[in-house]
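Working notes, beginning with the structure itself.
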Amino acid sequence: MSGQKDEALFRILRIYDEPEETSNVPKSSDISSQSHQAQSQPEGVYGMPPQAPGFLTPRGPLYQETSAGIPQQWVLQTLGRSELQASCLPQAEPEAAAELAPSFLPGPMFGQPCPSPLPSEEVWSFLGTIPPVPNEVVVRQRVPRRCWKVGRLRHGKKVYAVAISSSTHHVYTCGHGYIKVWDESALHARSKAPQAQLDLQDRQNCVLACKLFPDEQCLITGGLSQSLTLWDLAPTPRVRARLASTGPLCYSLALSSDAQICLACFKGFVEIWDLQNQILIRKHEVPEYGSRCVDIAGNKFWTGGEDTRLYSWDLRSYQRLQEHELRHEILSITHEPTEEWVLVGLRTSDIIILHTHRPEKFKAVLHKYVNHHNLKFASCGSYFVTAIDESIHCIAAPSLQRLFQVEEPTDVLCCDVSADNQYLVTGSKNSATVYQLLY
């Protein structure tokens with residue numbers, strides 16, 4: 001009964017498609033000049049479906065330019081002051097403004113009017129003195145409209161974890177026995193050899209999770225092993241340290257934004273590591289079947305798994321803060337760059353969107369039972385990627401508009417987006433696929 005009550009508190013959203021806009025596409029034999037559905041185009045460019053559902057009304061340029069994030073703060077950062085006045089505070093009487101004040105929430109109805117308190121006369125007088133900001137100096141986040149399959153990295157075994165750097169565009173593919181390092185030239189090839197192969201201490205070990213540090217100088221890995229491994233990546237990849245774990249199998253890893261804290265998820269507990277001093281701070285017990293995946297956002301961390309419950313914990317007191325009954329197995333957890341919103345991928349392929357401090361909860365409904373569900377938010381915050389079995393969807397935030405969809409021949413086991421938002425990399429049965437994002 002409590003699960004049904006918790007479920008009823010979620011606002012239901014729909015991921016939707018809209019007609020794609022004309023954009024410049026590189027001339028290449030692998031690129032089609034026409035827009036096709038991903039299912040019918042195994043190679044080349046993958047774009048948005050050509051027709052939108054009939055019940056969706058077209059959005060104006062202001063909506064398209066400002067759909068760059070889920071919370072209100074994302075939008076205000078992308079709006080110029082003149083646009084902000086035009087969209088939120090038009091030149092009208094205060095009585096009329098109440099009907100025009102937008103509500104910045106996820107979903108296709110983003111930016112639609114909702115009631116709000118009336119501004120005072122002093123506020124209107126102050127706003128009248130603010131000079132407009134020229135459009136040419138307003139910085140807006142872009143979203144990719146297509147992707148182009150540019151290369152395949154032949155790892156040789158299942159790729160359970162993958163990472164890509166933005167500074168060097170090196171890709172790290174991880175799995176049984178070894179990690180392979182690929183330089184940028186391999187990203188645009190089909191069968192180029194890796195730059196290096198990093199053998200694990202025990203060839204029977206397997207890397208199931210990896211995280212690239214924000215400075216991209218270090219990588220941490222975990223999996224079927226009795227330790228977490230810190231790798232120095234420059235000038236030559238090598239082991240910096242092995243952190244002895246208390247569990248045999250690490251399911252997932254999470255890094256704090258400053259890379260000082262690492263969380264490693266094991267069955268029934270989470271290890272909290274101080275990476276700077278390479279010491280174990282705490283072995284934190286969590287529900288045995290609620291520890292498949294972990295993420296950290298600010299001073300909270302989140303865990304979830306087979307027991308269908310999402311837990312949030314205080315990173316300072318280690319007290320349980322919240323528990324959400326989601327009624328379906330949790331396969332992945334990630335957060336957007338401001339660390340204000342957490343996304344949860346479910347076995348049903350649905351996506352739960354939670355605010356980390358406010359009681360705002362949404363569910364993006366897809367209704368497809370899946371084996372794998374990976375989520376990755378882009379560093380710019382304007383879109384995220386969800387890999388559901390063999391399907392890859394690029395979704396705009398906060399509008400939840402599907403930007404493009406790609407179908408791969410086998411299930412996608414992992415994915416990553418470069419911090420410069422130029423490449424998407426996916427890992428699957430025995431290789432990794434590289435996509436260039438087109439704007």
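The values are calculated or read from the model by the stated rules, or taken from the named source; none is laboratory data. No experiment lies behind these values; they were computed from the predicted model shown. Heads up, the Cβs are rebuilt from the backbone with ideal geometry, glycines too, and the neighbour counts pull from every protein chain shown. In case anyone asks, the SASA skips ligands and DNA or RNA and just uses the protein heavy atoms, side chains included. Shrake-Rupley method; radii C 1.70, N 1.55, O 1.52, S 1.80 Å.
Our estimate of slack between GLN195 and ASN371, defined as 0.36 nm per intervening residue step minus the Cα-Cα distance, is 60.2 nm.
Would you mind pulling out the separation of the Cα centroids of segment 208-231 and segment 179-202, in Å? With segment 208-231 and segment 179-202 each reduced to a Cα centre, they are spaced 17 Å. Accessible area ranking (1.4 Å probe, heavy atoms, ligands and nucleic acids excluded), largest first, for GLU390, GLU336, GLU122: GLU122, GLU390, GLU336. Averaged per residue, segment 165-207 has 44 square angstrom of accessible surface, using a 1.4 angstrom probe with ligands and nucleic acids left out.
Report the percentage of all Cα-Cα pairs in segment 147-193 whose separation exceeds 15 Å, rounded to a whole percent. Everything past 15 Å amounts to 42 percent. Computed packing ranks the peptides 166-176, 214-224, 308-318 as 166-176, 214-224, 308-318, most packed first, by mean other Cβ atoms within 10 Å.
Using a cut-off of 32 Å between Cα atoms, the listed pairs LYS300/LYS429; LYS149/LYS267; LYS283/LYS368; LYS192/LYS376; LYS300/LYS368 include LYS300/LYS429; LYS149/LYS267; LYS283/LYS368 as exceeding that distance.
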